[in-house]
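> My structure is below; once you've seen it, I'll send some questions.
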Amino acid sequence: MSNDEDAVIIRKFRGLYDTGRSEPDPQGLAELFNLIKPRADRQRRIATETLVIRTAGEFLRFIDGIPERVMDFVPSPGPSDDPLLQRPAIDFNSHMVLAIISHDPNRFIDSEIVDVERTPTALRVLCCFSEPGPAVQKIISYAAYCAVVVDRFEGEVVFAQE
């Protein structure tokens, strides 16, 4: 009998997130275009962030990063249909939110929380990040987020990449 136990993902949310990083990285595109001199370290500037949200205040601060308009750079952008902007009620006495954010300054990278499992010592969150999409025009400061609601856990939360 295993000591590991699957933690049930009660609800999942996915959408765009404004990281505030609006500077493009031309040298990061060097691998795609021969005319750009590559950066000396040859590394991509992909950033990921993990969040364990245990209070309503932390949750509201997270929601503040979700854009209210779909495409701010067009003349009349439509409103975002992200359900978190409706500020759903979450009982933080019995639940918490786990979130991941992925950002590449040039290309879109999708993020996904694949599984959450409870071990004897920690809550293990299995995450997956897509390969960067093609170099296309995108809203540079927007990243992708994935957030899940799970039963509250007071111990250590460990995020692992698939």
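Laboratory data are not the source of any read-out in this text; all were calculated from the coordinates shown. Since the structure is predicted, the reported quantities are computational estimates derived from the model, not experimental observations. Note that each Cβ is placed from the backbone with ideal geometry, even for glycine, and that neighbours are counted across all protein chains shown.
> What nm distance separates the two modelled labels at E68 and R54, each placed 7 Å from Cα along Cα→Cβ?
3.1 nm
> So for I9, I100, I53, fewest C-beta neighbours within 10 Å to most, what's the order?
Details: I9 16, I100 24, I53 21.
Listed from fewest to most nearby Cβ atoms, that is I9, I53, I100.
> Can I ask one more? Each label point is 7 Å from the Cα along the Cα-to-Cβ direction; what then is the distance between the points at Q161 and S94, in nm?
Taking the simple label geometry, Q161 and S94 are separated by 3.7 nm.
> Continuing with the same structure: Would you list H95, H103 from fewest to most Cβ contacts within 10 Å?
H95, H103
> When the label point is put 7 Å from the Cα of D110 along its Cα-to-beta-carbon vector, which residues of segment 147-162 have a backbone N closer than 20 Å?
Answer for segment 147-162: 147-149, 160-162.
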